[in-house]
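Visitor: Provided herewith is a single structure, encoded as structure tokens, for subsequent inquiry.
The values are calculated or read from the model by the stated rules, or taken from the named source; none is laboratory data. Because the structure is a prediction, the values reported are computed rather than measured. Reconstructed Cβ throughout: ideal geometry from the backbone, glycine too, with neighbour counts over all protein chains shown.
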Amino acid sequence: MTRTHTTVFVLLGIVALVLGLTVNKVVNTDSQGDPQVLLDAGIVLLPQSRVLPDLRLTNQDGQAVAVNQLKDTWSLLFFGYTSCPDVCPTTLAQLRQLKTQLPGPTQANLQLIMVSVDPHRDTPEQLKQYLSYFDAGFIGLTGPEATLQQLANGVSIPYIPADTSEENYTVDHSANLVLIGPDGTQRGFIRAPFNTDKLAAQLPGLLQPET
């Protein structure tokens, strides 16, 4: 095991520990449902919402997107990359399946976003082509490495930048999802591996419009 891989596993272990400690602090309200049922579906809610970093990225259409302005709808952020050999295509296929299992109003109130961890290869055009294989409605975001790292650390989904001098390099990253509310704040995580049936049962009650 390389130093990079060891570091990744240590970082992801820390994230898992933080998520585990959060379990006992999950907010318990009628609108959010039974915390234990949510946890069984892999949904971990933060005890307090977290403001996203004030950063600007570029979407798959080449348009600037302010990260802290992801508002008016719920969002699920996934950190991945288009050259990923296994985790990313599997996750995106699961998200596509999950979307089809959700009722219409919930689908309309949710956007699915992949944030690239490989800006060296993931241009907006590459993201758009890749994501269209799964769902034309999926959003892709990319930007400078330092900005992507700042966002990943800000939402507690760290990754290790790859050595781009290596041929056919891969990027070590988490498959967990970040849950962002309509007010643009981070509300929690969805832990991998995913059970789309359980998520489809719980998300409609959780992802309600907010005023």
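Visitor: For residues in the range 98-110 being in a loop (DSSP other than H, G, I, E, B) and not aliphatic (A, V, I, L, M), which is farthest from SER75 (Cα to Cα)?
Guide: PRO103
Visitor: Working only within the range 22-34, note down all residues that are outside any loop (DSSP other than H, G, I, E, B), of a type outside the set (D, E, K, R) and either over 18 Å from THR106 (Cβ atoms) or modelled with pLDDT of 90 or more (or both). Even if it seems obvious, please write down each step before you answer.
Guide: Initially, the range 22-34 is screened for residues outside any loop (DSSP other than H, G, I, E, B), giving 22-25, 30-32.
Now narrow it down to the ones that are of a type outside the set (D, E, K, R): 22-24, 31-32.
Answer for the range 22-34, where residues must be outside any loop (DSSP other than H, G, I, E, B), of a type outside the set (D, E, K, R) and either over 18 Å from THR106 (Cβ atoms) or modelled with pLDDT of 90 or more (or both): THR22, VAL23, ASN24.
Visitor: Sticking with this structure for a sec: Of the numbered conditions (1) over 14 Å from THR58 (Cα atoms); (2) of a type outside the set (Asp, Glu); (3) under 17 Å from the mean Cα position of the chain (by Cα), LEU102 fails exactly one; give the number of that condition.
Guide: Status for LEU102: all satisfied but (3).
Visitor: I want to confirm something. Restricting to the range 70-86 and keeping residues that are of a type in the set (S, T, N, Q) and within 16 Å of the chain's Cα centre (by Cα), which single residue is surrounded by the fewest Cβ atoms within 10 Å (Cβ to Cβ)?
Guide: THR73
Visitor: Among the residues of the range 185-211, how many are among the polar types (S, T, N, Q) and without any contact (Cβ under 8 Å) to a residue 40 or more places away in the chain?
Guide: Qualifying residue count for the region: 1.
Visitor: In the list ASP122, ASP135, which residue meets the criterion of being in contact (Cβ under 8 Å) with a residue 24 or more places away in the chain and either within 14 Å of the chain's Cα centre (by Cα) or under 22 Å from PRO53 (Cα atoms) (or both)? Give the derivation first.
Guide: On the way: ASP135 fails: either within 14 Å of the chain's Cα centre (by Cα) or under 22 Å from PRO53 (Cα atoms) (or both).
The match here is ASP122.
Visitor: All but one of (1) more than 25 Å from LYS71 (Cα to Cα); (2) of a type in the set (Ser, Thr, Tyr); (3) crowded, with 20+ Cβ neighbours inside 10 Å hold for THR164; which doesn't?
Guide: Of everything listed in (1) more than 25 Å from LYS71 (Cα to Cα); (2) of a type in the set (Ser, Thr, Tyr); (3) crowded, with 20+ Cβ neighbours inside 10 Å, THR164 misses just condition (3).
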